[in-house]
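No value in this document is a laboratory result; all are computed from the given coordinates. Source: prediction; values computed, not measured. Cβ sites come from the backbone with ideal geometry, for glycine too, and all protein chains shown count toward neighbours.
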């Protein structure tokens, strides 16, 4: 009897990780994003590296350390001892989003470094969360004194005044008469693990779109639609990328899916025209 064993693809593996929000394995799912560019990558090795890094932090903790002390030790090890920081010289490098690369170079972008930081913080028993702040992903920790909002590229705690200043670079609707806490409150809500992963993928999407690297963009869109199957705009964007990559049949299917769910979207007529143009090329 011949048994055919099917080896799961990177997308199959990713699909299994993000199928449910219950016990969502953010670190493992985030590490797996690199497998499109690094197919031989062992995600388990990344998880093992994180275990070793956590053990290193724990060795520096005094006995019975309170939450604030654990936070200070974590930031000292990550930023002073190990030198984690932003890769400002090459911010658009996809490797900045790949955890195994960030662990090796200790350089990344806010959300990738934040995923590493969050896993370590939670490993230390801290109540830590990611924040999908406009323009710059942040993290926060709840301590007895309240919440501490931190820049994951430096470990620096951020005041309300500095957060409002950051916010005003991206949001025009901030009401001056509101208190600082009222202005900030909508942006300091904890991001879901699924939302954090979507932010990582959309960073990669933006990079590949700017480079017109359609095949790599399609791999990212496939993951986004596994992660967010009702994100109809991603069908539109994948359809447009499929058209650019020379797959008109598949492009039409995605654009039609978008049109079926988009309602009165501003780009509805333009997308319908593009779908019709592509349809004519397939006959």
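Structure above, values below:
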{"item": "Whole-number percent relative contact order across the chain, with pairs defined as alpha carbons under 8 Å at least 6 apart", "result": "14"}
{"item": "Proxy reagent accessibility, fewest Cβ within 10 Å first, across 63, 72, 205, 104", "result": "63, 104, 72, 205"}
{"item": "Computed over region 128-204, Cα set: Rg, Dmax in Å", "result": "12.6, 37"}
{"item": "0 to 90° range, to nearest 10: angle between helix 43-59 axis and the chain longest Cα axis", "result": "10"}
{"item": "Gaussian network model of the chain, Cα within-10 Å springs - most flexible of 66, 81, 49", "result": "81"}
{"item": "Ascending count of other beta-carbon atoms within 10 Å, so fewest first, for 166, 273, 78", "result": "273, 166, 78"}
{"item": "Normalised convex hull volume, region 82-161, alpha-carbon set, Å³ per residue", "result": "100"}
{"item": "Residue 20-residue 92 pseudo-label distance in nm [points 7 Å out on the Cα-to-Cβ vector]", "result": "4.2"}
{"item": "Size descriptor, Kirkwood hydrodynamic radius, that averages inverse alpha-carbon separations across the chain, Å", "result": "20.8"}
{"item": "Calculated FRET value between residue 245 and residue 63, using beta carbons and R₀ = 51 Å, to 0.05", "result": "0.30"}
{"item": "Computed over region 1-134: relative contact order in percent, which uses C-alpha pairs under 8 Å that are six or more apart", "result": "22"}
{"item": "Least to most buried among 137, 247 (fewest other Cβ within 10 Å first)", "result": "247, 137"}
{"item": "Calculated SAXS-style log₁₀ I(q)/I(0) at q = 0.15 Å⁻¹ - region 230-281, Debye, Cα scatterers", "result": "-0.31"}
